[in-house]
Amino acid sequence: MKFYCLTLFPEMVRNGMHTSITGRAMEKGLIELETVNIRDFTTNKHLKVDDYPYGGGAGLVMQAEPVYKAYESVCAKLTKKPRVVFLTPCGKTFHQKMAKELAQEEELIFLCGHYEGVDERVLEMIVTDNVSIGDYVLTGGELPAMVMMDCISRLVPGVLGNDVSADTESFQENLLEYPQYTRPEEFMGQKVPEVLLSGHHANVEKWRREQSLLRTAKYRPDLLEKAELCAKDLQFLQNNTCKQE
Ligand code: 6GU
């Protein structure tokens, strides 16, 4: 997987991505990141990349030309037309299934906007996917791009040490993950749930499933509607929550 990130703040994206698991994945060559500084593609002597919006209004708008040229500089290295993700609160909300689908691509371009927006003409020309990371407003697309690259990276084979963990966790089945514990057995008077120390595998699995159901019912009842629940699950929820069906 090779990520290209078109941005005015390349060091922010590089610093974030070169940390922790994604950093190690890049060292191992499992993923690659190339940042492209949009400012390198200005033609005016003040290196200006933004201007006032036609029609008036607050803030500045990123100009089409440097964005288009930055995009072209990446395309020149590729053999086929890449998907271009524009990070915008006006996009489709990012979710795990979208990450899984994007992880199938060999390369992805992320376009990070700043200021009040980007000239619509260049967006119409190059963007294939408009994506938001949630219903709140950020100052720029860099953090959302990093969120997406992080999420997609961990789906690339070999990036996570153990390939099972990408599968069993939150959202895989529209259920939140169960609680985890490690040593010591007692911390400030709080004990690890007995069943986890029992060595009884089936009971551990049952407890974890139930904890996932309880958590999802409590924090994300919207997910529960989409989860595939068996008769036992439904029975358990009926007996242990006050939620009306
Ligand atoms: Cl992708 N960009 C910005 N600026 N704000 C956001 C967002 C994206 N997603 C949620 N808020």
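Please tell me if VAL156 is under 18 Å from the mean Cα position of the chain (by Cα), surrounded by fewer than 16 Cβ atoms within 10 Å (Cβ to Cβ) and closer than 26 Å to MET26 by Cβ.
For VAL156, the condition - under 18 Å from the mean Cα position of the chain (by Cα), surrounded by fewer than 16 Cβ atoms within 10 Å (Cβ to Cβ) and closer than 26 Å to MET26 by Cβ - is met.
Residue-wise test of (1) more than 15 Å from the ligand (Cβ to nearest atom); (2) without any contact (Cβ under 8 Å) to a residue 12 or more places away in the chain.
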| position | (1), (2) |
| --- | --- |
| MET125 | yes, no |
| PRO144 | no, no |
| LEU155 | yes, no |
| ASN162 | yes, yes |
| TYR181 | yes, no |
| HIS200 | yes, yes |
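Can you tell which of ASN44, ASN15 is modelled with pLDDT of 95 or more and polar (S, T, N, Q)?
Testing whether each residue is modelled with pLDDT of 95 or more and polar (S, T, N, Q) leaves just ASN15.
Search the range 70-88 for residues being in contact (Cβ under 8 Å) with a residue 24 or more places away in the chain and surrounded by fewer than 17 Cβ atoms within 10 Å (Cβ to Cβ), and hand back the single one that is nearest to VAL137 (Cα to Cα).
For the range 70-88, the residue satisfying everything is ARG83.
Given the condition within 16 Å of the ligand (Cβ to nearest atom), at pLDDT 95 or above and either outside any loop (DSSP other than H, G, I, E, B) or under 17 Å from TYR4 (Cβ atoms) (or both), answer yes or no: does some residue in the range 66-80 qualify?
The answer is yes; a qualifying residue exists.
For GLY59, only one of the following conditions fails: (1) in contact with a Pro (Cβ under 9 Å, 6 or more places away or on another chain); (2) part of a helix (DSSP H, G or I); (3) loosely packed, with under 12 Cβ neighbours inside 10 Å. What is its number?
The number of the failed condition is (2).
Among what's in the range 1-39 and is without any contact (Cβ under 8 Å) to a residue 60 or more places away in the chain and part of a strand (DSSP E or B), pick the residue that is surrounded by the fewest Cβ atoms within 10 Å (Cβ to Cβ).
Out of the qualifying residues, it is GLU32.
Kindly indicate whether MET98 is over 17 Å from CYS5 (Cβ atoms), within 16 Å of the ligand (Cβ to nearest atom) and open to solvent by less than 90 Å² (accessible area, probe 1.4 Å).
The answer is yes for MET98.
Could you check how many residues of the range 21-34 are touching a helix residue (DSSP H, G or I) at 6+ places or on another chain (Cβ under 9 Å) and closer than 14 Å to ARG154 by Cβ? First the steps, then the outcome.
Just the residues of the range 21-34 that are touching a helix residue (DSSP H, G or I) at 6+ places or on another chain (Cβ under 9 Å), to begin with: 21-23, 25-26, 30-34.
Still in the list and also closer than 14 Å to ARG154 by Cβ: 21-23, 25-26, 30-31.
Residues flagged as touching a helix residue (DSSP H, G or I) at 6+ places or on another chain (Cβ under 9 Å) and closer than 14 Å to ARG154 by Cβ within the range 21-34 amount to 7.
The values are calculated or read from the model by the stated rules, or taken from the named source; none is laboratory data. As the structure is a prediction and not an experimental result, all values here were calculated from the model. Cβ atoms come from the backbone with ideal geometry, glycine included; neighbour counts cover every protein chain shown. Surface areas here come from the heavy atoms of the whole protein model, side chains and all, with no ligands, DNA or RNA. Shrake-Rupley method; radii C 1.70, N 1.55, O 1.52, S 1.80 Å.
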